[in-house]
Amino acid sequence: MKATKLATSAAVAVLGFTLIAPTVLAENPAGQNLPKQLTGNADITYTEDTTTNPPVDPEIPTDPVTPPGPVNPEGGPISVDFVSDLHFGTQSIKTAKGEYNAAEAKTKNSKGEDIKRGNWIQVTDKRSIGKDGPAGWTLKAQMTQQFKNADNNELKGATLTYTNPVVTSKTDQTGTIAGITPVANVELAYSAEGKSSPMATAEKGSGFGTYFIQYGREAGFGGLTEENKTSDKSIKLTVPEYTPLAASQYNAKITWTIEEL
């Protein structure tokens, strides 16, 4: 019985249209047909995200890692999310100039496996874009404390040199990304005036997303083997000759800042 009622209703509807149609056409002297389609609307509204961006593997960026350095607790639309601590090992006291390479960043992946990477910095730009697209940014670094020990003895004149930078992202691990340019060779020296040095720049129209500036790459990435990997020879500490040295640990601080263009 229900099927019969539906069929009857449909027939009445068709009959009704047939009877009315001539009247409508008569009131439309231009002979235009009635519209047979209607367009609806849809909308979505975005607000800026201020949550934090936990560090992930710069070579396999879908995988979170145990951070081998400080993590930014603040978050925000644009931020330096993470930076590797640098370890130059235990060295012998000598009067000659000292040159020491920072060890690879050692961490654990999500499976708890030990992995090594070139020391890296993770940055995120998720600001609202303007009419011309992303605004771009500059990443800078500054040695804000010279290497010194617990007795405040300093390695006066000591510098850090950063080489072999590669840029990767969650969608591109080739090492070069259009619009983002790392500075190839940077020397950081302690400056009482607070001088900082540009380390990488995202030009206007680029830089939206999460990026990794990595100094050197581990074997297995970028075509490198264990023999020619650069992850353990891309950040160098240089201590001038005849620098008085104590048998103790010396510590420095390097502050990283991301600035809007």
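The values are calculated or read from the model by the stated rules, or taken from the named source; none is laboratory data. For clarity, every value in this text was computed on a predicted model and none was experimentally measured. Cβ: placed from backbone, ideal geometry, glycine included. Neighbour counts: every protein chain shown.
Some observations on this one:
- Answer residue from segment 229-261, given it is outside any strand (DSSP E or B) and within 21 Å of P182 (Cα to Cα) and is modelled with the lowest pLDDT among those: L261
- In segment 103-116, the residues that are within 9 Å of D232 (Cα to Cα) reach residues that are surrounded by 18 or more Cβ atoms within 10 Å (Cβ to Cβ) and of a type in the set (S, T, Y) with C-beta atoms within less than 6 angstrom, at least six apart or across chains, in these pairs: E104/S231; A105/S84.
Per-residue answers, yes or no, for (1) in a strand (DSSP E or B); (2) in contact (Cβ under 8 Å) with a residue 12 or more places away in the chain:
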site: R127; (1), (2): no, yes
site: L139; (1), (2): yes, yes
site: F147; (1), (2): yes, yes
site: A184; (1), (2): no, yes
site: E187; (1), (2): yes, yes
site: E193; (1), (2): no, no
site: P198; (1), (2): yes, yes
site: T201; (1), (2): yes, yes
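- Residue count, segment 110-125 (criterion: in contact with a Pro (Cβ under 8 Å, 6 or more places away or on another chain) and outside any strand (DSSP E or B)): 2
- Exactly one residue among G133, G118 is over 14 Å from T210 (Cβ atoms), surrounded by 17 or more Cβ atoms within 10 Å (Cβ to Cβ) and not hydrophobic (A, V, I, L, M, F, W, C), and that residue is G118.
- Residue check, S231 among the small types (G, A, S), under 24 Å from Q122 (Cα atoms), in contact with an Asp or Glu (Cβ under 9 Å, 6 or more places away or on another chain) and surrounded by 13 or more Cβ atoms within 10 Å (Cβ to Cβ): yes
So that you can scan it fast, the table gives a plain yes or no per residue for (1) under 27 Å from G223 (Cβ atoms); (2) modelled with pLDDT under 95:
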| position | (1), (2) |
| --- | --- |
| P58 | yes, no |
| P64 | yes, no |
| G75 | no, yes |
| D85 | no, no |
| T90 | no, no |
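- Residues located in segment 72-85, provided they are surrounded by 17 or more Cβ atoms within 10 Å (Cβ to Cβ) and closer than 22 Å to T230 by Cβ: F82, V83, S84
- Every test in (1) modelled with pLDDT of 95 or more; (2) surrounded by fewer than 20 Cβ atoms within 10 Å (Cβ to Cβ); (3) under 21 Å from the mean Cα position of the chain (by Cα) is passed by A202 save one, and that test is (2).
- Hey, A96 surrounded by fewer than 19 Cβ atoms within 10 Å (Cβ to Cβ), in a loop (DSSP other than H, G, I, E, B) and either out of contact with any strand residue (DSSP E or B) (no Cβ under 9 Å at 6 or more places or on another chain) or not acidic (D, E) (or both) or not: yes
- Checked against the criterion of being surrounded by 15 or more Cβ atoms within 10 Å (Cβ to Cβ) and modelled with pLDDT under 95, the candidates G216, G222 yield just one match: G222.
- The residue list I180, I213, I258 contains one member that is free of Cβ contacts under 8 Å to residues at least 40 places away in the same chain, within 14 Å of the chain's Cα centre (by Cα) and over 26 Å from K94 (Cα atoms), which is I180.
- Which numbered condition I44 misses (of (1) more than 25 Å from V186 (Cβ to Cβ); (2) without any contact (Cβ under 8 Å) to a residue 40 or more places away in the chain; (3) surrounded by 14 or more Cβ atoms within 10 Å (Cβ to Cβ)): (3)
- So I60, is it β-branched (V, I, T), touching a residue at least 40 places away in the same chain (Cβ under 8 Å) and part of a loop (DSSP other than H, G, I, E, B): yes
- If you go through segment 149-178 and keep only what is closer than 23 Å to G223 by Cα and not in a strand (DSSP E or B), you end up with T163, N164, K170, T171, D172, Q173, T174, T176, A178.
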